[in-house]
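Inspection log for the structure reproduced underneath, given as structure tokens.
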Amino acid sequence: MEHAAQYRKKQQRRSDWLWAYVMIAPTVLGLAYFYFWPIVQTIYFSFTKWGAFGKYKWAGLDNYEKLLDDPTVWKSLGNTFVYTFLSVPVSMAISIFVAVLLNQKINGVSVYRTLYFLPVVTMPTAIAMVWKWLYHSEYGLINNLLSSFSIEGPLWINDPDIALYSLVIVAIWSTVGYNMVIFLSGLQGIPRTYYEAAQIDGAGPYRQFFRITLPLLTPTIFFVMIISMINAFQVFDIILMMIGPQNSTIDDTQSLVYLFYHHAFVVDNKGYAAAIGVILLVIILAVTIVQMRLQKKWVHYE
Amino acid sequence: MKATVGTTTRKAAIGIHLILIFGALLMVGPFLWMLLTSFKTLGEATQVPPIIFPKVFQWKNYADATVTLPFFTFYWNTIITTVAKVLGQMILCSIAAYAFARIEFPGRNVLFVFCLSVLMVPSQVYLLPQFLLIRDLGWLNSLEALIVPGLFSAFGTFLLRQFFLSLPKELEESAKLDGCNHIQIYFHIMLPLIKPGLIALAIFTALWSWNDLMWPLIVNSSPEKMTLSAGLASLQGQNMTHYPILMAGALLAILPMIVLFMFLQKQFVEGISLTGSK
Amino acid sequence: MKKRGLTWVFASLLVTMLAAAGCSSSAPPAANNSAESPASNSGNASNQEKVTLTYALWDQNQAPAMEEIAKRFTAANPHIEVKIEVTPWTQYWTKMDTAATGGVLPDLLWMNGPNIVKYASNDMLLPITDQIKKDGIDMSNYPEALINLYTVDGQIYGIPKDFDTVGLWYNKEMFDAAKIPYPDGTWDWAKVKEVAKQLTDPAKGIYGFAAMNANQSGYYNIIFQQGGFVISEDRKKSGYDDPKSIEALKFWYSFIEEKLSPPGHLMAEWDAAAKLFESGKVAMMTHGSWKAVEFGQNEYTKDKVDVTYLPKGSVSNASVIHGLTTVIAANTKHPEEAWAFSKFLGSKEAAEVQAQTGATIPAFKGTQDAWVKAFPNFQAQVFIDQAATANPYPVSKDTSKWNALETEYFTKVWGGEMKIEDAAREIATKMNEFLAQE
């Protein structure tokens, strides 16, 4: 009798597994075929010396050896870290705050949400143009305002000590809208009854936020954190548009992906570029796995 | 007692509005800039320091943008691509996410990290092998090239997995007792509960598909197979860019996205109210 | 075609739904498709009757002229249709690089100086020397510097399509206000500096001259004019450590040191100078003939600015000349038809179509008048005259590699981090390393 029950349980588990494999199969195989396989080929390229138009020869660890000796790689790795660890937490804090405010029954909430979402749909060229104008040393809005208080403004994107932080500000600005949408959707999953119970206990808005909202939002926060880190580690567009090769602060602002772009598409050094991509993969993978391990300590799943 | 609650909430409401308005002003700047530029003359658009308001609103820029490019073909291709990707991802990602979140199976974590790893390499890095793959499939210059790889999303799977994870366990236990299989639990019980997640996914997938630039330009060549953002990019020249026409075109291009967002975000109002006393 | 797309979408969704719901499906949609696909690429070319050529270019402004040329060509050759495919400049070379690696370049494509040697010497293009001889095309109709630009290892790869040269643009209003006569062909660089001093007004943020961090429209010209060089004629040696080149570069940068030009960090970006010029902040700058379109359309500049010959250096007042051509991809399935179209593109008729739009100066001798007439406000003839004495645009096999060096080091100079003579010597050292590898 007991054996039969155990057997059935085992059967049940087997059938669960089968269901799981079938359900993940389309996505896993699709990702493997269209994304992972090209990535594997890229990893192979990182061990080659690339000539023009796909003529390559095996080069062993040459690219990696060169990479370790290349000061610009280390410098841009540092830039990428500064960029990521500054922009991600600030952007997340602001977006949670905004999402909580925009999750209330206040007048015009739809309008606010749309306005906060606009940076996400605004053309990158327009974003770069506006920020460049704001930061312009001679004619820029910020420095003009500062000078009316007789403060001499800095060379926002032309001063090697400041440029990276100027970019971090743009990054925060442009990611708040994205994160807000995810947090808004996450907030919907928090049952209203919790708040009603808290109110009966006399908890004010702050206590409700820290006791209910924040803990129950942790699965979403975890998601946003992982995704934001991955995206921040891959920062590229902003640097190309706001700094680019013709700004002498490029050494102090370029990210690993910018360096990749330079080697792959400007100077046609694709093997070396692939090696940079692989290094980036290894770093992000390590950071993500650490986060996945740590999540048990702070993420509340039901 | 009740009166004080009322006044504090009203005060709080005013405070909240002030904060939100301040934030909104910071957020809309570049968009307004884009809007104003789209009405400027070329001369007004290139002035340093910038001229903020055009002297005369140049509606002509909008007409020029639609004449210069086969706008309607681009629109059509973009809509097809986007609708297919959004529907495809909502189905495929949610099914996979359900399994990752709610079923214990050997290799679950490894396979999940495997999915995530696809996000960890910027797409520029594997552009060439991906292009060769599409060539070998015979899909160059086709909508398939735009749609099929976009049906699979690690981002979407991860996002929805988080939503499935936050649902209570009792849900499927009772359903299993009723004899439901996993597809039935997924479809009838779980899926309706992660609607906010699906909406967020729809917004992002639509947006990324709509704005995707590099991939369509690399795999497709002929104007009949081009998408909007890729087509618009050709307004940015090597030697000269007519910014007003470019911005007018860009506004026409993103208008559907704004409308879509306004529509979809309305689905977020069913949630909780923090102050609760209204 | 549209219909097919839609059907496909629904079919694909159906397949994915079935795969997900059917529980027993062993083959996911992706794998299914890979099996059936490779055939579709090769099948359609066998029809000899009607041929469609694809023609890739990057300038949307020139697309109408190219469409018109294609239309006329098809009228004369009804069995050949030409499909114009515009890829934006920013992505053009990435796309061509990828397509070339995959062996799927368009039949015909626009080519420029920095890329020709790389594509030609790696057998990506078809040489047309024999066809030119066979069809008796008179190459003396095109600027010699451009024919040489597109000749690699003795083989010609393209008939020059258009050209651009550089002139001295100036703001007439600012000269009038200061009661200084407009610059003309008699000016030398000392005179430019002298007048720049008179026109500069730091309080108003107005500068006499814009010393751009740009090669073709900027320092290349003065390097040649002072007897220096960028790359030796055998393409083996860099000219950046040549004393005359360095002298020229130092003079160029002296405008910034003496504050006669907007600050270096602003001038480092190559389009910044034109924007300041269009805003009346800069009185003079050297810039290409291609800027005529923009300055002519911009209502602030169209009647306030004009252009004249470059100022004289110690050797000449010559400009650098560059131009585009159309090349035939080696992977084309229709080499004869492609050559037929290429030949037509090089014809006088095609040149005249291009000239009328004003978008670019056609290379064919004697067809430039229409282009000049497109800009009645400017002395546009200057650019045509400069072509006669112009120096060829410097290239080698891996031009992009040392172009990137120029950008990198001179940007440091303009950013105030390096002295220009040190930068030039650094570039020379590294450029010689690249050239030795070629």
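Looking at segment C:92-150, the helices (runs of 4 or more DSSP H) lying wholly inside it that each contain 3 or more residues that are in contact with a Phe, Trp or Tyr (Cβ under 9 Å, 6 or more places away or on another chain) and within 14 Å of chain A (Cβ to nearest Cβ) sit at C:113-121. Evaluated against (1) more than 14 Å from every other protein chain (Cβ to nearest Cβ); (2) out of contact with any strand residue (DSSP E or B) (no Cβ under 9 Å at 6 or more places or on another chain), residue C:380 falls short on exactly one condition, (2). Just one of the numbered conditions (1) at the interface with another protein chain (Cβ under 7 Å from one of its Cβ atoms); (2) in contact (Cβ under 8 Å) with a residue 12 or more places away in the chain; (3) farther than 27 Å from residue B:257 by Cα is not true of residue B:112: (1). Restricting attention to segment A:99-127 and to residues that are more than 8 Å from chain B (Cβ to nearest Cβ) and within 19 Å of the chain's Cα centre (by Cα), the residue that is nearest to residue A:187 (Cα to Cα) turns out to be A:99.
Consider segment A:217-232 and keep the residues that are closer than 23 Å to residue A:78 by Cα and not polar (S, T, N, Q). The one that is surrounded by the most Cβ atoms within 10 Å (Cβ to Cβ) is A:224. Report whether or not residue B:176 is among the basic types (Lys, Arg), touching a Gly at 6+ places or on another chain (Cβ under 7 Å) and assigned to a helix (DSSP H, G or I). So residue B:176 fails the test.
State yes or no: is residue C:410 surrounded by 22 or more Cβ atoms within 10 Å (Cβ to Cβ) and in a helix (DSSP H, G or I)?
It is true that residue C:410 is surrounded by 22 or more Cβ atoms within 10 Å (Cβ to Cβ) and in a helix (DSSP H, G or I).
Annotation: of all residues in segment A:34-53 being within 7 Å of chain B (Cβ to nearest Cβ) and touching a residue at least 40 places away in the same chain (Cβ under 8 Å), the one that is farthest from residue B:148 (Cα to Cα) is A:42. Taken over segment B:122-135, the criterion of being more than 7 Å from chain A (Cβ to nearest Cβ), touching a Gly at 6+ places or on another chain (Cβ under 9 Å) and surrounded by fewer than 21 Cβ atoms within 10 Å (Cβ to Cβ) is satisfied by B:132 alone. Taken together, B:119, B:140 contain a single residue that is more than 20 Å from the chain's Cα centre (by Cα) and within 7 Å of another protein chain (Cβ to nearest Cβ), which is B:140.
Let's see how each residue does on (1) within 30 Å of residue B:185 (Cβ to Cβ); (2) of a type in the set (Val, Ile, Thr); (3) outside any helix (DSSP H, G or I); (4) assigned by TED's automatic domain parsing to the domain that holds residue B:188:
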position	(1), (2), (3), (4)
B:75	no, no, no, yes
B:83	yes, yes, no, yes
B:86	yes, yes, no, yes
B:90	yes, no, no, yes
B:94	yes, no, no, yes
B:98	yes, no, no, yes
B:129	no, no, no, yes
B:134	no, yes, no, yes
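Regarding residue B:146, is this residue in contact with a helix residue (DSSP H, G or I) (Cβ under 7 Å, 6 or more places away or on another chain), at pLDDT 95 or above and among the aliphatic types (A, V, I, L, M)? Judged against the criteria, residue B:146 is a match.
Give me the residue from segment C:154-180 that is in contact with a helix residue (DSSP H, G or I) (Cβ under 7 Å, 6 or more places away or on another chain) and surrounded by fewer than 20 Cβ atoms within 10 Å (Cβ to Cβ) and, out of that set, nearest to residue C:124 (Cα to Cα). Looking at the filtered set, the residue picked out is C:155. Selection of segment A:99-134 for residues being part of a loop (DSSP other than H, G, I, E, B), closer than 19 Å to residue A:240 by Cα and among the β-branched types (Val, Ile, Thr) yields only A:122. In the condition set (1) more than 7 Å from every other protein chain (Cβ to nearest Cβ); (2) within 20 Å of residue B:249 (Cα to Cα), residue B:80 is compliant with all but (1).
Exactly one residue out of B:209, B:221 is in contact (Cβ under 8 Å) with a residue 12 or more places away in the chain, in a loop (DSSP other than H, G, I, E, B), away from chain A (no Cβ under 12 Å) and surrounded by 21 or more Cβ atoms within 10 Å (Cβ to Cβ): that is B:221.
Scan A:151, A:142 and give me the residue that is β-branched (Val, Ile, Thr) and assigned to a loop (DSSP other than H, G, I, E, B). Every option except A:151 fails the conditions. Scanning segment A:134-188 for residues that are within 11 Å of chain B (Cβ to nearest Cβ), surrounded by fewer than 18 Cβ atoms within 10 Å (Cβ to Cβ) and within 18 Å of residue B:29 (Cα to Cα) yields A:139, A:141, A:144, A:169. The residue that is farthest from residue C:210 (Cα to Cα), counting only those in segment C:151-174 that are in contact with a strand residue (DSSP E or B) (Cβ under 6 Å, 6 or more places away or on another chain) and part of a loop (DSSP other than H, G, I, E, B), is C:157. Counting only strands (runs of 3 or more DSSP E) that fall entirely inside segment C:260-351 and contain at least 1 residues that are outside the structural domain of residue C:175 (by TED's automatic domain parsing) and among the aliphatic types (A, V, I, L, M), the qualifying elements are C:325-328. Condition first: buried (at least 21 other Cβ atoms within 10 Å of the Cβ), over 15 Å from residue A:278 (Cβ atoms) and facing another protein chain (nearest Cβ under 8 Å). Can you find one or more residues in segment A:87-98 that meet it? Within segment A:87-98, one or more residues are buried (at least 21 other Cβ atoms within 10 Å of the Cβ), over 15 Å from residue A:278 (Cβ atoms) and facing another protein chain (nearest Cβ under 8 Å).
Among the candidates A:31, A:18, the residue that is at pLDDT 90 or above, farther than 28 Å from residue B:120 by Cβ and either under 34 Å from the mean Cα position of the chain (by Cα) or more than 7 Å from every other protein chain (Cβ to nearest Cβ) (or both) is uniquely A:18. Residue check: residue B:229 meets all listed conditions (1) over 20 Å from the mean Cα position of the chain (by Cα); (2) within 29 Å of residue C:291 (Cα to Cα) but one, namely (1).
The single condition among (1) assigned to a loop (DSSP other than H, G, I, E, B); (2) small (Gly, Ala, Ser); (3) modelled with pLDDT of 95 or more that residue B:123 does not satisfy is (3).
The values are calculated or read from the model by the stated rules, or taken from the named source; none is laboratory data. Since the model is a prediction, treat every value here as computed from it, not as a measurement. No Cβ is skipped: glycine too gets one built from the backbone with ideal geometry, and neighbour counts run over all protein chains shown.
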